[in-house]
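Trainee: Once you've had a glance at the structure underneath, I'll fire off some questions.
The values are calculated or read from the model by the stated rules, or taken from the named source; none is laboratory data. Here the structure is a predicted model, which means the values were calculated and not measured. Because the Cβ atoms are built from the backbone with ideal geometry, glycine has one as well, and the counts that use them run over all protein chains shown. Keep in mind that these areas ignore ligands, DNA and RNA; they rest on the heavy atoms of the full protein, side chains included. Shrake-Rupley method; radii C 1.70, N 1.55, O 1.52, S 1.80 Å.
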Amino acid sequence: MTSSVKLSPTADTKTEVITVFQDHPTFSCANCAAVIALQDELISKAFSGRDGRGYLIHSAVNLKLGRREDRALLTGVHTVADVYCMGCNDRMGWYYHKASDHSQKYKEGKYLLERERLVKENKWKLDG
């Protein structure tokens with residue numbers, strides 16, 4: 001059973017950690033353990049973030065957006081906004097608003113989350 005409240009990534013109303021995914025594998029903030037995304041939302045592990053490897057994620061929760069800016073990345077100039085954990089305000093990666101190159105449009109509306117800032121929670125159960 002999943003219970004969640006989903007807000008637009010541009011919503012200004014996010015002020016507290018709001019989502020719980022029961023018994024589902026998740027990615028959580030390495031600093032405060034706030035749930036950030038379901039592992040099922042992972043698109044690719046083959047991305048680079050500011051501080052190392054990154055994951056492209058379809059959707060995420062418990063993040064707030066920073067200022068939108070044009071940023072030169074490895075694959076060209078993209079309009080992005082840094083994203084911050086709702087629980088501890090750590091920078092987790094960025095949100096892709098717009099890609100200038102047609103071949104990069106698939107990233108629009110997705111999140112690049114820094115691998116080193118995430119903890120993989122598998123929710124395994126042992127029979128016993």
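Trainee: Pick out, in residue order, every one of the trypsin sites (Lys or Arg not before Pro) in region 35-128 that is DSSP loop and has at most 15 other C-beta atoms within 10 Å; say none if there are none. Let's see the in-between values first.
Mentor: Working: sites: LYS45, ARG50, ARG53, LYS64, ARG67, ARG68, ARG71, ARG91, LYS98, LYS105, LYS107, LYS110, ARG115, ARG117, LYS120, LYS123, LYS125; in loops: ARG50, LYS110, LYS123, LYS125.
For trypsin sites (Lys or Arg not before Pro) across region 35-128 that sit outside H, G, I, E and B with at most 15 neighbouring Cβ atoms in 10 Å, the list reads ARG50, LYS123, LYS125.
Trainee: Quickly work out the GLU116-to-ARG68 label distance, labels modelled 7 Å from Cα along the C-beta direction, and quote it in nm with one decimal.
Mentor: With each label placed 7 Å out from Cα toward Cβ, I get 3.0 nm.
Trainee: Return one whole number: the accessible area per residue of region 30-128 in Å², for a 1.4 Å probe. Walk me through the numbers on the way to the answer.
Mentor: Numbers: 5470 Å² over 99 residues.
Result: 55 Å² per residue.
Trainee: Which value, in Å³ per residue, describes the convex hull spanned by the Cα atoms of region 32-128?
Mentor: Here the figure is 103 Å³ per residue.
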